[in-house]
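Novice: Dropping the structure in here first, questions after.
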Amino acid sequence: MTTTTTRFVQLAACAAAALLAVAASGAAAQGVGSVITQAVFNSMLPNRDNSLCPARGFYTYDAFIAAANSFPAFGTSGGSAELIRRELAAFFGQTSHETTGGTRGSSDQFQWGYCFKEEINKATSPPYYGRGPIQLTGQSNYQAAGNALGLDLVGNPDLVSTDAVVSFKTAIWFWMTAQGNKPSCHDVILGRWTPSAADTAAGRVPGYGVITNIINGGIECGVGQNDANVDRIGYYKRYCDMLGAGYGSNLDCYNQRNFAS
């Protein structure tokens, strides 16, 4: 092989490698990853690996992306860049509150999401106490999530706090799934939910506030202003600002009756 030929082969190999690298980076940037990059994820959750957080090292970016890829409509199907970004801000807003290690009233209150992976006192419906980003709670939720994901979460609920991909999957499953008379959080944030007459009578209106009602309305909704609502809204607004999305309307559930009433 001549020197010229050798150089040509080397150049061709380098060009092919470069094309593969571009293709790989492009694939990684598709879907949710095109909005929530590794850098954005780190900026949104700057203390998730803090030594003070019991979940340090658990909630990784790769686990989030792997889980999100199992739900193709999540964070991709809003119909506009604005709604896609708003959905992701809402998801992280709610889950950051569920896992917060922040101190209410502190200057960095909304920078401590994803600090916990399990309910602190493990007292709610043991062994089906809160786990993961959405704090999946209760045997019926573990059963339904496990059925949807093809996992025995009733027999092994600790999967939700030991396998980060499973943990994120349970949160996204909950987000995407309507249950009983509750719409999915996904449909609500994208403006696809139309309140029934019963919803209207109960003060349940489209917006971020009704997502709080879906997740924890029995405790936080219909009781006036409360710190938990304020925390959820604070995280949401921070992420909307970071992602360049508007907040929408009806951010709280202070005057909404919960779905069980």
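The values are calculated or read from the model by the stated rules, or taken from the named source; none is laboratory data. Model, not experiment: these values are computed from the prediction. Positions of Cβ are backbone-derived with ideal geometry, glycine not excepted, and every protein chain shown enters the neighbour counts. Quick note on the areas: whole protein, heavy atoms, side chains included, nothing else; ligands and nucleic acids left out. Shrake-Rupley method; radii C 1.70, N 1.55, O 1.52, S 1.80 Å.
Novice: Using only Cα atoms, find the angle between the long axis of helix 139-149 and the longest principal axis of the chain, and express it within 0 to 90 degrees, rounded to the nearest 10.
Specialist: Between the helix axis and the principal axis of the chain, the angle is about 30 degrees.
Novice: Classify the stretch 118-172 as rounded, prolate or oblate from the Cα gyration tensor: take a ≥ b ≥ c as the square roots of its eigenvalues, call it rounded if a/c is under 1.5, otherwise prolate when a/b beats b/c and oblate if not. Could the numbers behind the result be given before it?
Specialist: On the way: a/c = 1.73, a/b = 1.27, b/c = 1.36.
In terms of gyration-tensor shape, oblate.
Novice: Taking the Cβ-Cβ separation of THR177 and THR103 as r and a Förster radius of 41 Å, what is the calculated FRET efficiency to the nearest 0.05?
Specialist: FRET efficiency, THR177 to THR103: 0.80.
Novice: Would you pull out the residues with amide H under 5 Å of LEU153's amide H, same chain only if 5 or more places away, H placed 1.01 Å from N?
Specialist: Here GLY146 satisfy the definition.
Novice: Of the accessible area of the chain, with the probe set at 1.4 angstrom, what percent is carbon plus sulfur? Show your work: numbers first, answer last.
Specialist: Working: 6480 of 11800 Å².
The C+S portion of the solvent-accessible surface of the chain is 55 percent.
Novice: Mind giving me the FRET efficiency for ARG56 and ALA197? R0 is 51 Å, r the Cβ-Cβ distance, nearest 0.05 is fine. Please report the intermediate quantities before stating the final value.
Specialist: Numbers: r = 47 Å, r/R0 = 0.93.
Once rounded, the FRET efficiency stands at 0.60.
Novice: Can you give me the angle between helix 164-176 and the longest principal axis of the chain, using Cα atoms only, in degrees from 0 to 90, rounded to the nearest 10?
Specialist: Between the helix axis and the principal axis of the chain, the angle is about 60 degrees.
Novice: In whole angstrom, note down how far apart the Cα centers of the stretch 45-81 and the stretch 203-235 are.
Specialist: 22
Novice: Could you report the stretch 34-243's accessible area per residue, 1.4 Å probe, as an integer in Å²? Write out the running numbers ahead of the final one.
Specialist: Working: 8310 Å² over 210 residues.
Averaged over the residues of the stretch 34-243, the accessible area is 40 Å².
Novice: Moving on. Would you mind classifying the stretch 51-104 by shape? Square roots of the alpha carbon gyration tensor eigenvalues, ordered a ≥ b ≥ c; an a/c under 1.5 is rounded, otherwise it is prolate if a/b is larger than b/c and oblate if not.
Specialist: Numbers: a/c = 3.62, a/b = 1.59, b/c = 2.27.
It comes out oblate by the Cα gyration axes.
Novice: Say we join alpha carbon atoms closer than 10 Å with springs in a Gaussian network model of the chain; which of GLY203, GLY105, GLY146 then has the biggest fluctuation?
Specialist: Fluctuation is largest for GLY105.
Novice: What residues qualify as long-range amide H neighbours of LEU136, i.e. H under 5 Å apart, gap of 5 or more or another chain, H built at 1.01 Å from N?
Specialist: ARG131
Novice: Something else now. How far, in degrees from 0 to 90, does helix 3-28 lean away from the longest principal axis of the Cα atoms of the chain, to the nearest 10?
Specialist: The angle comes out at about 10 degrees.
Novice: Could you work out the Kirkwood radius for the stretch 102-236, taking every pair of different alpha carbons, averaging 1/r and inverting it, reported in Å?
Specialist: Numbers: mean 1/r = 0.0625 Å⁻¹.
By the Kirkwood definition, the hydrodynamic radius is 16.0 Å.
Novice: Whole-Hz Karplus ³J(HN,Hα) for the stretch 234-248, in order, using 6.51 cos²θ - 1.76 cosθ + 1.60 and θ = phi - 60°, x for Gly and Pro?
Specialist: x, 4, 4, 5, 4, 6, 4, 4, 5, 8, x, 10, x, 7, x
Novice: Can you compute the helix-only [θ] at 222 nm over the chain? Use -39500 (n - 2.57) per DSSP H run of at least 4 residues, normalise by all residues, nearest 500 deg cm²/dmol.
Specialist: Numbers: 11 runs with 127 residues, N = 261.
Result for the chain: -15000 deg cm²/dmol, rounded to the nearest 500.
Novice: Provide the gained length on full extension for the span VAL154 to ASP241, in nm with one decimal, where the gain is 0.36 nm per separating residue minus the Cα-Cα distance.
Specialist: Values: separation 87, 0.36 × 87 = 31.32 nm, distance 3.84 nm.
Additional length available on full extension: 27.5 nm.
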